[in-house]
Amino acid sequence: MDVVSDAIAAVRAGRPSSNRLRVAGRWGAWIPSYAGAGFHVVLAGSCWLVADGGEPLRLGPGDAVLLPHGSGHALSGEELTASRAARLPGLDSLLDTRRPAGAPDTADAQDGADGPDGPDAADAPGMADLLCGKYRLDHGLGHPLMRELPEVVHLPTRSGEHPELRAAVELLSAELATARPGGELAVPGLIDLLLVYLVRAWTTRRGADGWGAALTDPVVAAALAAVHDAPAHPWTAEALAARVGVSRATLTRRFTALTGRPPMAYLTWWRMTRAAGLLRNTADPLEAVARKVGYASPYALSHAFARQFGTTPGRYRTTGAARAA
């Protein structure tokens, strides 16, 4: 798999969930912190989001927000201070909210809009049509790309940016609007797709430094692709440098500057992260896990695994299964 796919797959646990929320008037809800990531998309209208310890953020039609570290936050129809936001009722108090009588449906409102940035009949004070969801993630296995994400990733999409993200939102919104055959498979798949597009959009927009730069640097990106495509390959620094067509010194310098680790240290870390995922998500014997991540024996894997995670693979498998359950 590619780096972004692997970074997401490494931390996923359980199934994602989503709800569509239509509210109007004076409303607000507090979503406490949790072991995962949350997202909100404004399908129509507008609202305010206040993350724990952050500044109020106004969200307009088409805006998407990802909270990759599960930060506590509030949603409201009006601007709030952080102290007031934390005193709001829980989101469950709004999930059964029905569209008030006489309020325009999203589709009707958008039929009369002058484009994504034009007048919107649903953009009345306090009115919002929201897509809300969350992912269960094991942050203990977080890839540095995911850890680099800020507490709040805000992606305004009103000016035609991120067409794939918009398409995923529209498909998910349609699936949640009415029960359809196959929806139990379609909805989780679309929520996963939405996470991919949100992370991809952020890394593309970030671009200039960190992992956004690592994924666009031709040398570093090629080295990362080689490691992720074949983590069990007997890589050496010289072999990896030859694979991407540069000297060992050049690869080490550029790779370390953009990823925060030398190539071989990253390879070892990724092998252990892959091993942890296999232990958590499969019943493969330890010998098979070792072989898949490039270790000649279960003993060699156990030694390296304990050095990184402070526990044996067997104990990790037991506690990982309990966490997933």
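Just so you know, all these numbers are worked out from the coordinates, no wet-lab data involved. What you see is a predicted model; the values in this text were computed from it and never measured. Virtual Cβ from ideal backbone geometry, glycine too; neighbours counted across all protein chains shown.
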Original post:
Which order, highest average first, do 242-248, 47-53, 86-92 follow once you tally other Cβ atoms within 10 Å for each residue and take the mean per peptide?
Top reply: 47-53, 242-248, 86-92
Subject >> Cα centre as origin, Lys/Arg/Asp/Glu Cβ charges: the stretch 1-79 dipole, Debye >> reply: 380
Subject >> Ranked Phe309, Phe39, Phe255, criterion: other C-beta atoms within 10 Å, fewest first >> reply: Phe309, Phe39, Phe255
Original post:
Among Ala128, Leu141, Ala177, whose Cα lies farthest out toward the positive end of the dipole of the chain, if unit charges sit on the beta carbon of Lys, Arg (+1) and Asp, Glu (-1)?
Top reply: Leu141
**OP:** Tell me the label-point distance for the pair Ala265, Thr311, using the 7 Å Cα-to-Cβ offset, in nm and rounded to one decimal.
**Re:** 2.5
Original post:
Any idea how far apart Ala237 and Leu171 come out in nm if each label point goes 7 Å out from Cα toward Cβ?
Top reply: 4.4
**OP:** Only Cα pairs under 8 Å and at least 6 apart count here; give the relative contact order of the chain as a rounded whole percent.
**Re:** 20
**OP:** Return the FRET efficiency for the residue pair Arg253, Thr318: r is the Cβ-Cβ distance, R0 is 45 Å, and the value is rounded to the nearest 0.05.
**Re:** 0.60
Subject >> Virtual spin-label span in nm between Ser33 and Leu57, 7 Å along Cα→Cβ >> reply: 1.7
Subject >> Between 0 and 90°, nearest 10: helix 313-324 axis offset from the chain longest Cα axis >> reply: 10
Subject >> Two-site FRET efficiency, Thr178 against Asn19, from Cβ-Cβ distance with R₀ of 22 Å, rounded to 0.05 >> reply: 0.95
Original post:
To the nearest 500 deg cm²/dmol, what mean residue ellipticity at 222 nm is calculated for the chain from DSSP H runs of n ≥ 4 alone, each contributing -39,500 (n - 2.57), summed and divided by the residues?
Top reply: -14000 deg cm²/dmol
